[in-house]
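Okay, structure first, notes after.
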Amino acid sequence: MADVGQPVFLGADVVEKYLDYPTLIPLLERALINFSSGPGGGVVQPIRSIVSVAKHSGFLGVMPAYSTVDDALTTKVVTFYENKTASDVPSHQATVLLFEPSNGSLKAVIDGKVITDKRTAAVSVIASKLLKPSPAEVLCILGSGAQARSHYQAFTQQFSFKEVRIWSRTRENAEKFANAVEGSVRVCSTPQEAVTGADVIVTAMMSTEPVLYGDWVKPGAHINALGACRPDWRELDDLLMRNSVLYVDSKDAAQKESGDIVLSGASIYAEIGEILKGTKPVLAGKTTVFKSVGMAIEDTVSAKLVYDCWVQSNTNI
């Protein structure tokens, strides 16, 4: 164990070891409910602060949150850069700082990239369980990066699809993805080919223009949209946004940060936490979009889980 007052560093390997979906998903469901319960839920989470690094086409985001229920206090610092295609450095990097709530001391510095990938995929699973059609036989993923991989892993663990399709702007990247994962993946030549007839669609692209069009989407399908994380970026076209029932993780954040919502003028029906809590019903039989902008409270409960598991493991040695 680390000396008192000395924060520990928990790298990606530790996060991978302790952040499993069967454990993480129920914790995130509770966090989503608490967030959507207002002050009574005990979640304090301002909208993230964004600093533009225009010279290098990048952004720095700061995401603090406190959960009264978990007595957990964290800040995630995340960077993301446009058009990162020719470098070994990931387009998104993140670090989570875990504090002792009672006195403010720093307890741990935790790799945030794996946390971000896994908690985002887990929340998409939660939304899909609530909103996907039944039966759901075909999964389509647009994108081939880290979020595409984490969503593939989570969705193939939690659901039984007869077919998984992938499309990426670069066919080589799509084929690398298909060869790297367990299970059969059909590589598609166009996004329309990938989307046509799909029951569940994941869009995981740093896109500034729509890549998914409403004309392609099967009526009643469910879309998890997690790219286009700036108010002037798009993944989905106006037709899809306006003709679907729109669910989000945070109304306040989505209305400020999501270009798909800001630029289309689409109306938000509910937060996923409201559906989980039973405050609002699912509108059955409709085409649905879950627009995920990502929330600090998701990082908070994930980081606390990793830290608590690490402490228990080291205590038992």
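Among the residues of region 78-88, write down those that are modelled with pLDDT under 80 and either in contact with a helix residue (DSSP H, G or I) (Cβ under 6 Å, 6 or more places away or on another chain) or not small (Gly, Ala, Ser) (or both). Answer for region 78-88, where residues must be modelled with pLDDT under 80 and either in contact with a helix residue (DSSP H, G or I) (Cβ under 6 Å, 6 or more places away or on another chain) or not small (Gly, Ala, Ser) (or both): Glu82, Asn83, Lys84, Thr85, Asp88. Within region 16-45, the only residue that satisfies the criterion of being exposed (fewer than 15 other Cβ atoms within 10 Å of the Cβ) and in a loop (DSSP other than H, G, I, E, B) is Asp20. Quick check on region 302-316. Is at least one of its residues surrounded by fewer than 24 Cβ atoms within 10 Å (Cβ to Cβ) and of a type in the set (A, V, I, L, M)? Yes; the residues of region 302-316 include at least one that is surrounded by fewer than 24 Cβ atoms within 10 Å (Cβ to Cβ) and of a type in the set (A, V, I, L, M). Residues in region 116-127: is at least one surrounded by fewer than 18 Cβ atoms within 10 Å (Cβ to Cβ) and more than 24 Å from Ala12 (Cα to Cα)? There is no residue in region 116-127 that is surrounded by fewer than 18 Cβ atoms within 10 Å (Cβ to Cβ) and more than 24 Å from Ala12 (Cα to Cα).
Would you be able to say whether some residue in region 44-54 is touching a residue at least 40 places away in the same chain (Cβ under 8 Å) and touching a Ser or Thr at 6+ places or on another chain (Cβ under 7 Å)? No - not one qualifying residue is present in region 44-54. Selection over region 91-106 of residues that are within 20 Å of Ala12 (Cα to Cα), modelled with pLDDT of 95 or more and surrounded by fewer than 22 Cβ atoms within 10 Å (Cβ to Cβ) gives a count of 5. Every test in (1) more than 17 Å from Tyr307 (Cβ to Cβ); (2) modelled with pLDDT of 95 or more; (3) assigned to a loop (DSSP other than H, G, I, E, B) is passed by Val69 save one, and that test is (1). If you check Asp88 against the conditions, is it surrounded by 15 or more Cβ atoms within 10 Å (Cβ to Cβ) and not in a strand (DSSP E or B)? Considered against the rule, which asks whether it is surrounded by 15 or more Cβ atoms within 10 Å (Cβ to Cβ) and not in a strand (DSSP E or B), Asp88 comes out as no. Considering region 101-138 alone, what residues qualify as being among the aliphatic types (A, V, I, L, M) and under 21 Å from Phe161 (Cα atoms)? Ala121, Ala122, Val123, Val125, Ile126, Ala127, Leu130, Leu131, Ala136, Val138, listed by residue number.
Of the helices (runs of 4 or more DSSP H) lying entirely inside region 101-180, those containing at least 3 residues that are within 19 Å of the chain's Cα centre (by Cα) and in contact (Cβ under 8 Å) with a residue 24 or more places away in the chain are 112-131, 146-158.
The values are calculated or read from the model by the stated rules, or taken from the named source; none is laboratory data. As the structure is a prediction and not an experimental result, all values here were calculated from the model. Backbone-built Cβ (ideal geometry, glycine too); neighbour counts: all protein chains shown.
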